[in-house]
Amino acid sequence: MAKLTLHSITYLSLPFHFPRKPITLSPKPKFTPPIQNPLVLRNRVTKIMYSSRVSSFQDAIGGAVAIVQSSPATWESSLLSNLLIFLLGSPILVTGLSFSGILAAFLLGTLTWRAFGSHGFLLVAAFFVIGTAATKVKIMQKMEEGVAEKKRGRRGPESVIGSSAAGCVCSLMAIFGVGGAAFSQLWRLGFVASFCTKLSDTVSSEIGKAYGKTTYLITTFKIVPRGTEGAVSVEGTLAGIFAALVLAFLSFLLGEIGLHEVVICLLASQLANLGESLIGALLQDKKGFEWLNNDLVNVINISIGSITAVLMQQALQNWTP
């Protein structure tokens, strides 16, 4: 008993005996994916596709916003911005323009945005809204008296072109940098003056037809019926002056022209409208001048206003030491 080995003592001291098991290597079990519910799988695929579409849509919106905000304006930003505004403003556009007139206005808006950015476009939009509102004033009374605009005041492309020809020329001059930096502000001034001139002419004519108590022929001051070519009224003249002042001052607030150029636009528009009334009284509807229709007279009118404003500004710059 005294010769017990350490192994025996250790072994006997354990309360239990665990026989050793041989270690065997078994192959690793293969992974079998669980069977998916078809409905759950379809929902997951739908969510992935929806997330992808949302991400693509957000990327497209972000790209469009970046194009619109590009400065200076590009043809791409002008087209996209104009398209968006025309779609949103279509209920207003159809009240004042025919379908072909809307297309012409779209081209005008794109050209304006490209030349003078969003501020120039806003100026033209204000011109359209105020002019359309003046045309609709007492429209039924004007129709009964036979002095209302054709198609209840909804203007076509010829009217749009006649009202914006000078502004389009100034826009093209600005886009192509004719005259360099020294002339860039002159083209902007001519652009503003042309629309001030046309708005003043439109408002004075429409308000005069609606509220003018006495209408005088500009050449003889003889009392004539409302709507006579070349006729003016106190009410219409004052309304036209106010409309030109509003549009010119809006241009000043938008940073398009300076404060002294507001006065230039106002003076130029009234001189041009005086010339337009003289043309209407002396030439329009007269023998040999049957080709001189309202749209052509409008082109002459706004051209006079635009050119007069540019010449006045040039003279002021040369006179100022």
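Sorting 240-252, 125-137 by their mean Cβ neighbour count within 10 Å, with the most densely packed peptide first, gives 240-252, 125-137. In the range 62-319, a dipole from Cβ-located charges (positive for Lys and Arg, negative for Asp and Glu) runs towards its positive end, and of Phe106, Ala134, Ile264 it is Ala134 whose Cα lies farthest in that direction. Exposure proxy shown here: for Glu290, Glu145, Glu256, Glu276, the number of other Cβ atoms within 10 Å sets the order, fewest to most, as Glu290, Glu145, Glu256, Glu276. Our note on the geometry: Cα centres of the range 269-321 and the range 152-230, 9 Å apart.
Ordered by the count of other Cβ atoms within 10 Å of each Cβ, fewest first, Lys209, Lys138, Lys287, Lys150 give Lys287, Lys150, Lys138, Lys209.
Using alpha carbon coordinates only, what is the Rg to Rh ratio of the range 200-321, with Rh defined as the Kirkwood radius? All intermediate terms of the calculation are to be shown ahead of the outcome.
Working: Rg = 15.7 Å, Rh = 15.3 Å.
Expressed as Rg/Rh, it is 1.03.
The aspartates and glutamates within cross-link reach of Lys287, meaning a Cα-to-Cα straight distance under 15 Å and a gap of 8 or more places when in the same chain, are Glu229. Pairs from the table (Lys150/Lys213; Lys136/Lys286; Lys209/Lys286; Lys138/Lys213; Lys198/Lys222) lying more than 18 angstrom apart at Cα are Lys150/Lys213; Lys136/Lys286; Lys209/Lys286; Lys198/Lys222.
Readers should treat all values here as calculations from the given coordinates under stated rules, not as data from a laboratory. All values derive from a computational prediction rather than experimental measurement. FYI the Cβ positions are ideal-geometry reconstructions off the backbone, even for glycines, and counts take in every protein chain you see.
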